[in-house]
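The values are calculated or read from the model by the stated rules, or taken from the named source; none is laboratory data. What you are looking at is a predicted structure, and each value in this text was computed from that prediction instead of being measured. We place every Cβ from the backbone using ideal geometry, glycine too, and count neighbours over all the protein chains shown. Note: areas computed on protein heavy atoms with side chains; ligands, DNA, RNA excluded. Shrake-Rupley method; radii C 1.70, N 1.55, O 1.52, S 1.80 Å.
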Amino acid sequence: MPLLALVLAVFALGFEQLIQWQFGAMGVVGLAMLTIGVKARNATCTAIGSIILLMLLTGPGQ
């Protein structure tokens, strides 16, 4: 069980670094809002995080 938790933590940190590298600080904010919203079962927070990530993915800079 501790090995699985360690692997998941490493994966989560790696994914966060990938988002930070690709989309900058706003990507991390969007990912954090999405994660917090899912864990807290808060639809508003989840929607805001999803919209931030969606706008970063479809923005004019890409």
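Taking region 1-34 as the range and being modelled with pLDDT of 85 or more, touching a Gly at 6+ places or on another chain (Cβ under 7 Å) and not aliphatic (A, V, I, L, M) as the test, only 30 passes.
Taking (1) of a type outside the set (Val, Ile, Thr); (2) modelled with pLDDT of 90 or more; (3) surrounded by fewer than 15 Cβ atoms within 10 Å (Cβ to Cβ) in turn, residue 45 satisfies each apart from (3).
The set of residues in region 7-62 that are touching an Asp or Glu at 6+ places or on another chain (Cβ under 7 Å) and among the acidic types (Asp, Glu) is empty. A residue that is at pLDDT 90 or above and touching a Ser or Thr at 6+ places or on another chain (Cβ under 8 Å) cannot be found anywhere in region 50-61. If the condition is being touching a helix residue (DSSP H, G or I) at 6+ places or on another chain (Cβ under 8 Å) and open to solvent by 50 Å² or more (accessible area, probe 1.4 Å), then region 16-40 contributes 16, 20, 26, 29, 33, 35, 36, 38.
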